[in-house]
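Structure record follows, encoded as structure tokens.
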């Protein structure tokens, strides 16, 4: 996963991107890392980026990140999905699988389905 060091390096306008917003003090962010690494190895056509909200707060503000971890999914610069909080791998895998193998028309339908929030996902005990 490529770390974005400064705002000028953040470019998601060419292809499909999964962008993780996180913080070093965030325990759920650390728990999510192995899941994202696995997804990154499975979906090589999707570019995975990482943004520390404490290092680049302007991007966190611009994209209205209120909870970490949050994963924004972009298709050619357009945000098409938002995964808020700690998520299980299968719901994320489905989103990425649908995007990875879909046409632009199908991607537009995916973006209209809705986003995963921590309230939509099964609760996972961490500990």
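The values are calculated or read from the model by the stated rules, or taken from the named source; none is laboratory data. Computed from a prediction, not measured in an experiment: that's the story for all the values here. Every residue, glycine among them, receives a Cβ derived from its backbone with ideal geometry; neighbour counts consider all protein chains shown.
Structure data summary
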{"item": "Which numbered condition residue 109 fails, given (1) modelled with pLDDT under 90; (2) surrounded by fewer than 16 Cβ atoms within 10 Å (Cβ to Cβ); (3) in contact with a strand residue (DSSP E or B) (Cβ under 8 Å, 6 or more places away or on another chain)", "result": "(3)"}
{"item": "Restricting segment 89-106 to residues that are touching a helix residue (DSSP H, G or I) at 6+ places or on another chain (Cβ under 8 Å) and farther than 25 Å from residue 34 by Cβ, the residue that is modelled with the lowest pLDDT", "result": "106"}
{"item": "Identity of the residue in segment 68-88, loosely packed, with under 15 Cβ neighbours inside 10 Å and farther than 20 Å from residue 5 by Cα, that ends up modelled with the lowest pLDDT", "result": "88"}
{"item": "Scan of segment 3-35 for residues that are in contact with a helix residue (DSSP H, G or I) (Cβ under 7 Å, 6 or more places away or on another chain), farther than 22 Å from residue 77 by Cα and in a loop (DSSP other than H, G, I, E, B), ordered by number", "result": "23"}
